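The values are calculated or read from the model by the stated rules, or taken from the named source; none is laboratory data. All values reported here derive from a predicted model rather than from experimental measurement. Quick reminder, even Gly has a Cβ in these numbers, built from the backbone with ideal geometry, and neighbours come from all protein chains shown.
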Amino acid sequence: MIQGSGRCHYHPERAGLGVCVECRRVICRECTTQFEGINRCASCLAQRLEALEGPGERREWTVANVVLALVSMAFVWGSVHVVAGWVAS
Ligand SMILES: [Zn+2]
Ligand SMILES: [Zn+2]
C-alpha cells in the first residue's frame with residue numbers, strides 16, 4: 001500500500017490505494033478492478049469490456065462460425081457420397 005498517494009477520485013473520504021492505468025486517477029481498494037492483470041477503475045473497466053464485446057466483433061464471429069459450419073457440412077456430405085460410391089462398386 002502506498003501512503004500519501006491522495007484520496008480516491010470516486011470516494012473523497014477514502015484513502016487512495018492505486019492508480020488506474022487508463023485515466024491515471026487515484027482509486028481506493030473498492031474501486032480497483034483487476035482485468036488481464038491490470039488495475040483499472042470501474043468506469044475504465046466498463047469501457048474496456050464494451051470495446052471487447054462490441055457488436056462488430058460479435059457479428060464477425062457469427063459469420064465465421066456459420067461459414068465454418070457450412071464448409072464442415074459440405075465436407076461430410078461429400079465424404080458420405082464417396083464412401084457410398086465405394087461400397088456400391
Ligand atoms: Zn480509470
Ligand atoms: Zn473509491
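Here residue 10 meets each of (1) touching a residue at least 12 places away in the same chain (Cβ under 8 Å); (2) assigned to a helix (DSSP H, G or I); (3) more than 9 Å from ligand 1 (Cβ to nearest atom) with one exception, condition (2).
Keeping to segment 38-56, report how many residues are of a type in the set (D, E, K, R) and within 15 Å of ligand 2 (Cβ to nearest atom).
Final tally of qualifying residues: 1.
Of the residues in segment 30-37, at least one is within 16 Å of ligand 2 (Cβ to nearest atom), in a loop (DSSP other than H, G, I, E, B), at pLDDT 90 or above and out of contact with any His (no Cβ under 9 Å at 6 or more places or on another chain).
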